[in-house]
Each structure stands twice: as C-alpha cells, then as structure tokens.
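Notes for the one structure printed next.
The values are calculated or read from the model by the stated rules, or taken from the named source; none is laboratory data. In this text the structure is predicted, and so the values were computed from the model without any measurement. Heads up, the Cβs are rebuilt from the backbone with ideal geometry, glycines too, and the neighbour counts pull from every protein chain shown. With ligands, DNA and RNA removed, areas are computed over all heavy atoms of the protein, side chains included. Shrake-Rupley method; radii C 1.70, N 1.55, O 1.52, S 1.80 Å.
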Amino acid sequence: MTDIIQASVSTPTLSVADVLVSEADGYAEFVVRLNAPATANVSVQYATESGTASSSYDYVGLSGTLNFAPGVTTQTVRVALRDDTTAETAESMFLKLYNPSANVKLANDRAQATLVDVDMWVSDTNGNSALDAAEKANLSIRDVVVDEKAGVATFELVLSKATTESFSIA
C-alpha cells in the first residue's frame, strides 16, 4: 500500500501599506501585496475614503478592481493629489480594500495616506526675530508597526511643517 502525503496549501493574503507623501508629489501610491504568488487569478475591489483630507479639495477620489494574474504579487493604486497654495497641517485619506475573490484573504483592509503640505514653512511670521510656539514645526509619531517574528518595530515620523534646517532627535 502506498501512502499519499498531501501538502497543505495556505490561502494567500492581501495587504496594503500606509504611505507618507508631500502634497506637491502629485499623487499617493498605495502598494497592494500578495504574501505569496497565487496559482489562479486573484481580485479585490478598492475605494478611497476621506479622513481629514477631502476628495473635493485634497485628492481625487476613485474606486476600481485590482486583478492579480498567477505569479503576480504586487499592484499599485495611484491616487491623484490636488496641490494648492493654502497652508494646511498634515491631512489623511484612506484606501479601503473589499470584496476579495474567494481564493484570497485580506490581511488588512485599509491603509492611510498622510498628506504633508509643503506650503507651510517654519518661519518668523510675526517678525519678532524669534520662533514662537505656533511658528515651530511639530514632530509626531504615527502608529507603531511591530513585526514580532522579525523582531522589528517601525516608527513613522511626521513633521507638521517643512524646514530648511537640519535637526536631530535625541
């Protein structure tokens, strides 16, 4: 009698990563990844969602379907940004993944784009020869992503205003 051993085949998963872009870049690119090549076509629908950024003023809303042919592991969704001359604080918008094909799972269904405005510079706007609190840039840490398996923690830092001077963080 011959024993037949079947290897278990896990269902591939899709994920999308957060991005940090300048409003002046003209677009935000979300990379959607399959964790392993699929043996059949994989698809997922996507749509943009407003956070603090608005599709009326800050970006061009869109929706569609991504199709992954067998062996393809990455697709990109490019969202057009509306550059303006209004000084704004950093804003956010999202890409939502939904309705995946039956042969794939979603590892995460949403990613954030942080839009940093380049129209806002650190400067002495009141002319008193000093930078007051409202004139200084603020540095913030976005969500921390921890990959326990790899032993890595990723911190994304966001500066609220552009600066022409270098600085360090201690």
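One table, with the values for the structure above:
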{"quantity": "From the options Phe94, Phe68, residue that is open to solvent by less than 50 Å² (accessible area, probe 1.4 Å) and under 14 Å from the mean Cα position of the chain (by Cα)", "calculated": "Phe94"}
{"quantity": "Val158 being modelled with pLDDT of 75 or more, closer than 30 Å to Thr73 by Cβ, part of a strand (DSSP E or B) and out of contact with any helix residue (DSSP H, G or I) (no Cβ under 9 Å at 6 or more places or on another chain)", "calculated": "no"}
{"quantity": "Ala87 being among the hydrophobic types (A, V, I, L, M, F, W, C) and at pLDDT 70 or above", "calculated": "no"}
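Per-residue answers, yes or no, for (1) open to solvent by less than 50 Å² (accessible area, probe 1.4 Å); (2) at negative phi; (3) touching a residue at least 24 places away in the same chain (Cβ under 8 Å):
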residue	(1), (2), (3)
Ser22	yes, yes, yes
Tyr27	no, yes, yes
Ala40	yes, yes, yes
Ala47	yes, yes, yes
Ser56	no, yes, no
Arg78	no, yes, yes
